[in-house]
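Down below is the structure, laid out as structure tokens.
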């Protein structure tokens with residue numbers, strides 16, 4: 001009996017055959033994927049991070065990564081084309097960034113989403129973004145002087161701007177797809193563009209200058225109707241969308257008060273959506289913050305003046321938000337605020353009738369009023385403006 | 001029992017024959033009138049100066065008196081100066097006494113012999129502990145002398161309830177083995193069980209406690225269940241907690257039992273330093289245990305099977321370091337581990353004068369050069385180094401070797417099955433640990449089974465005034481060490 005158990009135990013080791021065993025140095029670790037449209041299907045680009053060059057590059061300032069591209073009529077074929085170019089086994093476990101081109105987005109993202117989600121190896125939390133005015137594959141090629149891997153530089157670019165400026169919207173794959181699938185909620189994507197020439201940006205020489213000739217820039221916000229791209233909205237619009245969706249960490253902007261420019265920063269901007277009836281919505285934006293910059297003679301110790309400044313701030317804010325709403329309703333017809341979803345929750349029966357025409361008929365006609373309630377609770381390290389102190 | 005021959009001259013011949021005429025055997029026959037007095041001792045193991053000063057002089061003095069000849073045997077027995085006088089009628093006991101350094105006096109016409117203690121001090125003095133050094137605390141250690149060892153314990157615990165029960169083990173060595181315990185604290189059943197086992201041992205010789213421990217109570221396992229120490233204060237701590245200490249003649253290491261897993265993680269010094277600081281040290285030790293058991297296995301698992309769990313930048317850094325290394329990861333690790341084990345073993349065997357050159361060869365040549373030559377990756381050296389350093393934190397060599405054995409099992413599991421294998425092997429390890437017990441004490445107490453009062457001195461150490469009870473899982477009779485009912 002004991003012998004039999006030992007025999008079985010030995011078989012455990014001999015018969016298992018290390019089925020998914022693979023050495024680390026036999027893998028091509030892909031950290032970024034770009035998907036473009038090609039003549040007869042798709043062109044995919046893979047950013048491979050562990051090129052042997054990385055070992056020496058810290059000393060010599062070489063580009064550490066390699067980008068392979070391949071085309072095919074389906075994503076599977078395109079990936080297969082790359083596999084034949086790469087000497088190592090492709091490994092998708094650490095994909096960090098997926099860039100899609102405008103054409104792909106216009107056709108509908110779901111066409112390529114299937115391949116991304118079906119791949120068992122791939123994480124589902126990668127950043128998804130759109131390339132603006134540029135081939136998506138080129139985005140992966142640009143090396144950044146501050147971050148060693150292109151995919152990392154894209155991810156940190158989005159994340160840091162989102163954290164300190166509330167400019168971009170860090171939409172990872174899961175939130176994008178779940179929003180696109182949700183009823184009455186349209187997703188958004190950040191977009192990235194290249195400043196300068198791609199050829200120069202992809203060579204190591206770009207790192208050697210103090211002022212890089214080519215760099216990646218966070219661009220406008222891409223708006224969608226379901227999974228289909230409808231247009232770009234500028235960064236003010238991006239901020240507004242973040243405010244409406246309660247996704248503000250820190251927000252900075254300037255406004256005018258009596259012909260003087262003032263800088264303002266807030267960290268607790270909140271929006272409350274109030275559905276009056278199926279055609280009327282009230283959005284209450286509230287928050288507080290402090291003055292960043294004062295241009296001109298303004299006595300900030302005077303509560304009356306502060307009150308006036310608050311009023312000017314609220315008016316400015318209202319104007320900005322109204323402009324965005326106006327664009328969303330009439331130009332893009334994209335319900336990124338999720339009003340449709342709130343309608344569905346409040347009036348499920350009525351929603352059933354209007355949902356098919358929501359984006360094109362009912363959402364643009366919606367009567368949206370915005371109320372703002374902003375307070376200034378600090379003026380930074382300085383009480384008055386420098387000029388006021390001087391006089 | 002063999003009878004003692006009444007004729008001294010015949011007896012001398014018998015003894016000499018038994019010892020094969022060994023040169024260090026001294027058989028002196030003193031003639032007192034018509035009567036022969038035989039004085040037998042072993043030059044090599046007895047204090048000959050004492051024999052001349054007290055026994056020889058004494059015999060001379062007594063035989064010079066006429067009155068003594070009425071009953072010479074009793075006159076000798078009562079008048080010679082010696083602290084220990086034994087009488088025996090058994091000839092078969094002669095070799096034991098003579099070899100131990102006793103002097104035997106026989107008188108013509110008597111079948112009884114007088115045995116006097118004249119043993120030479122064939123041992124070193126009480127020296128500082130070398131294998132278990134401490135910064136604060138008593139520095140003395142056990143020696144090879146059985147009497148001194150007993151004395152080192154006796155002088156610490158002056159209660160008459162400290163009992164030593166002696167058993168002789170070994171057909172030829174006749175080694176004295178003392179079972180020490182505190183009578184009204186320790187569990188009597190355990191002492192009987194230990195005595196039974198000792199009495200059943202029928203072997204040529206027991207030379208060290210290490211020989212003895214293999215005969216009893218340890219189950220088949222890589223981890224030791226009997227603690228051996230050369231520190232008298234640790235032995236006394238254990239006695240006070242109700243444990244049993246076994247002292248073996250000629251061995252500076254005493255055996256303590258029963259033990260639980262945590263006892264191997266503790267040191268004597270834990271009791272002499274500030275409690276909360278010690279608690280922190282113990283947490284570190286638990287951490288070190290986990291690191292030393294699992295690091296190489298987890299490294300292998302995450303680099304060859306489950307790359308997905310590694311953060312992006314770390315994985316890329318690992319992959320770049322692995323570039324150009326000709327061996328598979330598990331072979332690389334096993335190679336380095338084997339080299340380290342060889343280094344450790346040779347460091348123990350080597351005379352200390354050569355130690356420095358060894359460490360240069362080991363650290364510089366093997367470590368640095370192997371990485372530079374691209375035979376192993378730097379990360380593998382780091383993994384093996386941290387594993388080895390963490391294993392050196394435990395001072396019991398058997399415990400360290402137990403950890404090593406399980407580490408290799410985990411490495412094998414990781415090589416074939418990845419992280420799932422490591423988790424499965426870890427479960428097997430815990431199950432194995434939990435199934436062990438010594439003298440009915442579960443090895444993983446006080447955690448499994450959970451004994452709440454035992455937590456006061458397991459990973460955390462509470463201040464001594466707050467620990468009222470002895471460890472409950474040891475099942476002693478008298479539970480309280482302070483406060484409560486103290487049974488005298």
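Rounded to the nearest 500, the 222 nm mean residue ellipticity of chain A from helices alone is -10500 deg cm²/dmol, with -39,500 (n - 2.57) taken per DSSP H run of at least 4 residues. If a spin label sat at a point 7 angstrom from the Cα of residue B:92 along the line to its beta carbon, the backbone N atoms of region B:191-218 nearer than 17 Å would be those of B:199-204. The residues B:329, B:268, when put in order of fewest to most other Cβ atoms within 10 Å, stand as B:268, B:329.
Stretching the chain fully between residue A:178 and residue A:38 yields a gain of 47.6 nm (0.36 nm per residue, less the alpha carbon separation).
From its DSSP helices (H runs of at least four residues, each -39,500 (n - 2.57)), chain B gives a residue-normalised ellipticity at 222 nm of -13000 deg cm²/dmol. Within 10 Å of the Cβ of each residue in B:318-331, the mean number of Cβ atoms contributed by other protein chains is 5. Taking Cα pairs under 8 Å and at least six residues apart, what relative contact order does region A:308-391 come out at, in percent? Result for region A:308-391 is 39 percent.
Label zone of residue A:156 (point 7 Å out along Cα→Cβ, amide N under 20 Å): in region A:208-240 this covers A:208-219. So how tilted is helix B:312-322 from the main axis of chain B? Cα-based, degrees 0 to 90, rounded to 10. Between the helix axis and the principal axis of chain B, the angle is about 70 degrees. For region B:14-106, the relative contact order comes to 34 percent (Cα pairs under 8 Å, sequence separation of at least 6). The simple Förster model, with R0 at 25 Å and r as the Cβ-Cβ distance, assigns residue A:9 and residue B:218 a FRET efficiency of 0.60.
Extension gain, residue A:164-residue A:279: 0.36 nm per intervening residue step, less the Cα-Cα distance, totals 37.9 nm. Projected label points at residue A:365 and residue A:85, each 7 Å from Cα along the beta carbon direction, are separated by 5.2 nanometres.
Round to the nearest 10 and give me the degree value, 0 to 90, for the angle of helix A:2-16's Cα axis relative to the longest principal axis of chain A. The two axes meet at around 70 degrees.
Taking a ≥ b ≥ c as the square roots of the eigenvalues of the Cα gyration tensor, an a/c ratio of 1.5 or more together with a/b no larger than b/c marks region B:275-441 as oblate.
Region B:230-253 and region A:299-333 have their alpha-carbon centroids 83 Å apart.
A Förster radius of 45 Å combined with the Cβ-Cβ distance from residue B:345 to residue B:30 puts the calculated FRET efficiency at roughly 0.20. The mean sequence distance of close C-alpha pairs (under 8 Å, at least 6 residues apart), as a share of the length of region A:234-391, puts its relative contact order at 30 percent. Taking the number of Cβ atoms within 10 Å of each Cβ as an exposure proxy, the fewest-first ranking of B:164, B:261 is B:164, B:261. Taking every residue in B:301-314 and counting other chain Cβ atoms within 10 Å of its Cβ, the average works out to 4. Gain on full extension, evaluated as 0.36 nm per residue between residue B:48 and residue B:240 minus their Cα-Cα distance, stands at 65.1 nm. Let me know the shape class of region B:127-196, please: from the alpha-carbon gyration tensor, a ≥ b ≥ c as square roots of the eigenvalues, rounded when a/c is under 1.5, otherwise prolate if a/b is greater than b/c, or oblate. Oblate.
When A:8, B:162, B:464, A:90 are sorted by how many other C-beta atoms sit within 10 angstrom of their C-beta, beginning with the fewest, the order is A:8, B:464, A:90, B:162. The mean count of C-beta atoms from other chains within 10 Å of the C-beta of residues in A:20-33, rounded to a whole number, is 5. A simple spin-label model places the labels of residue B:356 and residue A:120 6.0 nm from each other, with each point 7 Å out along Cα-to-Cβ.
Coordinate-derived values only; no laboratory data. What you are looking at is a predicted structure, and each value in this text was computed from that prediction instead of being measured. Please note: Cβ atoms are built from the backbone with ideal geometry, for glycine as well, and neighbour counts cover all protein chains shown.
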